[in-house]
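This report concerns only the one structure given below.
The values are calculated or read from the model by the stated rules, or taken from the named source; none is laboratory data. Since we're looking at a predicted model, the values are computed, not measured. Note that each Cβ is placed from the backbone with ideal geometry, even for glycine, and that neighbours are counted across all protein chains shown. The protein model used for the area step is the full one, side chains on, heavy atoms only, and it has no ligands, DNA or RNA in it. Shrake-Rupley method; radii C 1.70, N 1.55, O 1.52, S 1.80 Å.
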Amino acid sequence: FEHLLPRNMLLVHGVEDTTVPFTATAEAGYLIRSCGVRQCEELYLSKTGHQETVLQFMVGGKTKDAVHSWLQRVTSLSNPRDERSKPQTNGSADNNNSPRTFLMDSKL
């Protein structure tokens, strides 16, 4: 079963989302990690609502830029010679249930 799970996953949520509370992303992340996904990161976008998050992903903006940066970082993990490929930690113990949470400035 575990071989069917993705190795890396990114959850993106706007903090000012009035459609789905951003706390739902933290709950989803916890459940996903408990199922065996090794790396499930949570990205919270400040001053961003539900529609803005989706729109910026589709046509460009801080959401698309942040996801693109994450994809570049995660795909570089497969190249051990690349110094940028070392996983970034938030200073806490690294285990399957510790999320990596980022709060993006709205000016990105």
Open item on the list: Need the failing condition index for R38 against (1) charged (D, E, K, R); (2) at pLDDT 90 or above; (3) under 14 Å from the mean Cα position of the chain (by Cα), just the number.
Closed with: (2)
TODO: Could you list, in sequence order, all residues of the stretch 62-76 that are of a type in the set (S, T, N, Q), loosely packed, with under 15 Cβ neighbours inside 10 Å and modelled with pLDDT of 90 or more?
DONE: S69, Q72
Open item on the list: So M58 ticks every box in (1) under 16 Å from the mean Cα position of the chain (by Cα); (2) open to solvent by 60 Å² or more (accessible area, probe 1.4 Å); (3) within 27 Å of L77 (Cβ to Cβ); (4) without any contact (Cβ under 8 Å) to a residue 40 or more places away in the chain but one. Which box is left unticked?
Closed with: (1)
Open item on the list: Return the pair list, or none, for Cβ contacts closer than 7 Å from residues in the stretch 30-46 that are farther than 22 Å from V20 by Cα to residues that are part of a helix (DSSP H, G or I) and of a type in the set (D, E, K, R), at least 6 apart or on different chains.
Closed with: G36/E2
Task: Scope the stretch 18-46; condition of a type in the set (S, T, N, Q) and in contact with a strand residue (DSSP E or B) (Cβ under 7 Å, 6 or more places away or on another chain); matching residues - done: T25, Q39, S46
Task: One residue from V12, V37 being under 23 Å from S69 (Cβ atoms), touching a Phe, Trp or Tyr at 6+ places or on another chain (Cβ under 8 Å) and outside any helix (DSSP H, G or I) - done: V12
Task: Hits in the stretch 16-45 - residues which are of a type outside the set (D, E) and open to solvent by 50 Å² or more (accessible area, probe 1.4 Å) - done: T18, T19, V20, P21, F22, T23, Y30, L31, S34, C35, R38
- [ ] Give the residue, chosen from N96, N79, N90, that is assigned to a loop (DSSP other than H, G, I, E, B) and at pLDDT 55 or above.
- [x] N79
Task: Residue list for the stretch 47-68, filter: of a type in the set (G, A, S) and in a helix (DSSP H, G or I) - done: A66
